[in-house]
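The values are calculated or read from the model by the stated rules, or taken from the named source; none is laboratory data. What you see is a predicted model; the values in this text were computed from it and never measured. Here the Cβ positions follow ideal geometry from the backbone for every residue, glycine too, while neighbour counts run over all protein chains shown. Surface areas here come from the heavy atoms of the whole protein model, side chains and all, with no ligands, DNA or RNA. Shrake-Rupley method; radii C 1.70, N 1.55, O 1.52, S 1.80 Å.
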Amino acid sequence: MRNTVLGMASLIVAAGVAATPAQADVGIGLVGGITGGTAALAPEMMKSYQFAVKQVNDQGGIKNGEKLIGVVADDGCNAQTGVDAVTKVVNVSQVVGMAGPWCSGVVLAVANSVTIPAGVVLITPAGTSPQITALKDNDLVFRTVPSDEYQGQVLARTLLARGTTKVALSFINNDYGKGLADAFQKEFVAKGGTVAARAAHEENRASYRTDLAQLAKGGADTLVLIDYGDSSGLTVLRESIENDFFKTYVGGEGMKTTATIKTIGSKNLANFYVSSPVSEKSQSLEVFASGFKSAGGDPNATFVSTSYDAVFLLALAIEQTGGDKTKISAALRNLVDAAGESIMPGEWAKAKALIAAGKPISYKGASGTLAFDANGDVPGAYALFKVNGDDFQFVTDMK
Amino acid sequence: MDISSFINFFLIPGIILGSIYALGAIGVTLVYAIMRHGHFAHGDLATFGAFMVLLFSASSGLSPYAALPIAAVAAGLMAIAIDWLFYTHLRTLPKIITTISSLGVALMLRAVVQIFWGVNTLSYETGIARPENWFGLRIKPHEVVTVVMVIGLVVALEIFLRHSKWGKAMRAMSDNPDLASLCGIDNRKVIALTWMLVGALCAASGFFLGLNTQVKSLMGWNILLPTFAAAILGGVGRIEGAILGGLIVGICEEMSVLVIRSEYKVLSGFVILLLALLIRPTGLFRGKVL
């Protein structure tokens, strides 16, 4: 018995040693909400992270063949869990930069208390809250996904254009929900719409019928629901449909999960629409999509292209700076400057040769051009989707 | 607001929620009455029970209702195993140690659920259940089942405790474990029996929670606070107190939306807990023994 225990212990120690990157290898954090509200998005987004890491390593790695090591961590879509996980990634695994977290609240918490003080660049592929724009970040926080400031505005204009002038607004009480709801309401009211009732709700409650009854009193027949389709959003939507509180439902990209369709059934969701950021059609996107598909991923899943861009761009910056974390944020801006030679997703070997030769490059992201503004934000494109069968179907572009 | 929408959208959800809390609170109360420690793994044991229902109904094609008894037994056995593995050797130490260790058990149980079933949101049945109209009252079939089953379980438990030999043994041990032991009551058997009942009640509360919302790995943890609030409000150790406490907490939580903003709804559980501890720390029913 004792021998077995000793044997097991040494195995665990050995495994631990093997998992620690060799001195020269470069670690980056791959952080995301594998559990919690974004769990449904996690498998494909994580796959996309790893796909980018694999491409880098398959085509020569960093500098002289050192490997890029992805340190995966789960933030639970929860600020507390996220800060713990990222503290470990930054201080123990000593990463030079990280992709993720995904949930806006976690991005804000992690950036303020861990990555900004540590001087580590953070690129979120999914944190969309307008509040991230306002972070005092020493140019260390970037995103490959557009801010909800834009999404709120285009969603408001699209609804008005479709003839919806009176809505009730219900949102999850966190940075994502409040950010998107505020942006929506501001534009909707400014362009002549009426928000008949507005209420936040706490996540993870057993029932929301009372909240819905209060909202329905406003007299609107459309509910704009900003939430996660894997969490309270699902409960709210189901209880509302069951009790006929509203006729039409409009969600943000957090509601665009198949869990919603699977649980409620597509026949009950005829009047359910979601807005979601979409990648602008480009050659880069096609290259990424076919590569990701052959690697076993689903290129149409939410946020996979932004996830890929976050990791690939970070790797390019590491290659260019030699892993010096103080220079990475400046490098990120140079790498997307339109002046350089174009680099498509997956063209790591080509980029590596250009960087070695000291030539400027311009990474054409799968999710778009990634023209970072002064706050590290990118412009975006959005589309409206509705349920068709087991999946979401494109309805219209949103301007 | 007219009376019917008040009943439909505020009172009925409160009663359903309260019934679920009540089932959990009875379990908390039983553990405290017999073993004299708080049990933080309660919520996650409920999650485990809810997932066992899912497992048995999916693997055998039974309806979730039919799978509930099997899942209740499974959760009961799990509770006995947990007690045997983690709590038995702490029995003679100060109770706070067992209470804290139950927090560790909660995390382990949740991890087991996440390993086997993943972290995605699942449900017992797809599609939606529109409420039926009973003379102006909009009630869903599974809400009726929830309330009826909760009442049934409580009555059965009461009868068991008052009239059966083993029920009396449990009450004796709750009153004075040493004296009970001297009278020939095997304390270990009583403890095992208590865990069986607690596990089964957990499975039931998890199942009804899953039936009325969704099945996911954090579901039980999220109702832990209101469950404890219910048990303390009713008077820890008293079953009738747990029921009343559960209903009060559930109804207050839903009604609170009428007076405060809905994002603060979750606060009502805390407030009730605080008020109960401040004004009447012994709980409504002033009890320590079953």
Please specify each residue of the stretch B:210-224 satisfying the condition of being within 13 Å of the chain's Cα centre (by Cα) and at pLDDT below 90. B:ASN222
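Quick one: which helices (runs of 4 or more DSSP H) sit completely within the stretch A:280-340 and have at least 1 residues that are in contact with a Leu (Cβ under 9 Å, 6 or more places away or on another chain) and of a type outside the set (D, E, K, R)? Quick ask: steps written out before the conclusion?
On the way: elements: A:283-294, A:304-321, A:328-335.
It comes to A:304-321, A:328-335.
Looking at the stretch B:209-232, can you tell me whether even one residue there is without any contact (Cβ under 8 Å) to a residue 24 or more places away in the chain, part of a loop (DSSP other than H, G, I, E, B) and not charged (D, E, K, R)?
So far as the stretch B:209-232 goes, yes, one or more of its residues are without any contact (Cβ under 8 Å) to a residue 24 or more places away in the chain, part of a loop (DSSP other than H, G, I, E, B) and not charged (D, E, K, R).
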Conditions (1) surrounded by 23 or more Cβ atoms within 10 Å (Cβ to Cβ); (2) within 14 Å of chain A (Cβ to nearest Cβ) -> B:ALA111 fails only (1)
Between residues in the stretch B:116-137 that are more than 8 Å from every other protein chain (Cβ to nearest Cβ) and residues that are open to solvent by 30 Å² or more (accessible area, probe 1.4 Å) and in a strand (DSSP E or B), which pairs lie under 9 Å by C-beta distance while being six or more apart or on different chains? B:GLU132/B:ARG138; B:GLU132/B:ILE139; B:ASN133/B:ILE139
Would you be able to tell me the number of residues in the stretch B:258-290 that are closer than 14 Å to B:GLY14 by Cβ, touching an Asp or Glu at 6+ places or on another chain (Cβ under 9 Å) and either more than 14 Å from chain A (Cβ to nearest Cβ) or open to solvent by 60 Å² or more (accessible area, probe 1.4 Å) (or both)? 1
Quick one: B:ASP2 ticks every box in (1) touching a Pro at 6+ places or on another chain (Cβ under 9 Å); (2) free of Cβ contacts under 8 Å to residues at least 24 places away in the same chain; (3) of a type in the set (D, E, K, R) except a single one, so which number is it? (1)
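Give A:ALA73, A:ALA52, A:ALA42 a once-over and let me know the one that is open to solvent by less than 40 Å² (accessible area, probe 1.4 Å), aliphatic (A, V, I, L, M) and without any contact (Cβ under 8 Å) to a residue 24 or more places away in the chain. Talk me through it step by step, then tell me what you get.
Values: A:ALA73 fails: without any contact (Cβ under 8 Å) to a residue 24 or more places away in the chain; A:ALA52 fails: without any contact (Cβ under 8 Å) to a residue 24 or more places away in the chain.
On inspection, the qualifying residue turns out to be A:ALA42.
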Output the residue which, of all residues in the stretch A:204-240 that are facing chain B (nearest Cβ under 8 Å) and in contact (Cβ under 8 Å) with a residue 40 or more places away in the chain, is surrounded by the fewest Cβ atoms within 10 Å (Cβ to Cβ). A:SER231
Residues of the stretch B:144-184 satisfying the condition of being of a type in the set (A, V, I, L, M, F, W, C), closer than 30 Å to B:GLU132 by Cα and free of Cβ contacts under 8 Å to residues at least 40 places away in the same chain: B:VAL144, B:VAL148, B:ILE151, B:VAL155, B:ALA156
Does any residue of the stretch A:241-249 turn out to be under 20 Å from A:GLN393 (Cβ atoms), more than 14 Å from chain B (Cβ to nearest Cβ), open to solvent by less than 10 Å² (accessible area, probe 1.4 Å) and hydroxyl-bearing (Ser, Thr, Tyr)? no
Condition first: open to solvent by less than 10 Å² (accessible area, probe 1.4 Å) and among the aliphatic types (A, V, I, L, M). Now tell me which residues in the stretch B:188-208 satisfy that. B:VAL190, B:VAL198, B:ALA203, B:ALA204
Any idea how many residues of the stretch A:179-203 are crowded, with 20+ Cβ neighbours inside 10 Å and among the basic types (Lys, Arg)? 0
Take B:MET255 and decide whether it is within 13 Å of chain A (Cβ to nearest Cβ) and more than 11 Å from the chain's Cα centre (by Cα). yes
Among (1) assigned to a helix (DSSP H, G or I); (2) out of contact with any helix residue (DSSP H, G or I) (no Cβ under 8 Å at 6 or more places or on another chain); (3) open to solvent by 30 Å² or more (accessible area, probe 1.4 Å), where does A:ALA85 come up short? (3)
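Which one of these is farther than 19 Å from A:ILE69 by Cβ and modelled with pLDDT under 95: A:THR321, A:THR302?
Checking each option against the conditions leaves just A:THR302.
Conditions tested, residue by residue: (1) crowded, with 16+ Cβ neighbours inside 10 Å; (2) more than 14 Å from chain A (Cβ to nearest Cβ); (3) modelled with pLDDT of 95 or more.
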position	(1), (2), (3)
B:MET1	no, no, no
B:SER4	no, no, no
B:ASN8	yes, no, no
B:GLY18	yes, no, no
B:ALA46	yes, no, yes
B:PHE51	yes, yes, yes
B:SER57	yes, yes, no
B:SER63	no, yes, no
B:ALA74	yes, yes, yes
Where B:ILE248 falls short, out of the listed (1) in contact with a helix residue (DSSP H, G or I) (Cβ under 8 Å, 6 or more places away or on another chain); (2) within 14 Å of chain A (Cβ to nearest Cβ): (2)
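Tally the residues that are in a loop (DSSP other than H, G, I, E, B) and free of Cβ contacts under 8 Å to residues at least 60 places away in the same chain, restricting the search to the stretch A:370-397.
Result for the stretch A:370-397: 3.
Okay, residues lined up against (1) open to solvent by 10 Å² or more (accessible area, probe 1.4 Å); (2) acidic (Asp, Glu); (3) under 30 Å from A:THR248 (Cβ atoms):
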| residue | (1), (2), (3) |
| --- | --- |
| A:LEU269 | no, no, yes |
| A:VAL287 | yes, no, no |
| A:ASP298 | yes, yes, yes |
| A:LEU316 | no, no, no |
Given the options A:GLY322, A:GLY340, A:GLY368, name the one that is open to solvent by 10 Å² or more (accessible area, probe 1.4 Å) and out of contact with any strand residue (DSSP E or B) (no Cβ under 8 Å at 6 or more places or on another chain). A:GLY322
Filter result (out of contact with any Pro (no Cβ under 8 Å at 6 or more places or on another chain), buried (at least 21 other Cβ atoms within 10 Å of the Cβ) and at pLDDT below 90) within the stretch A:377-398: A:MET398
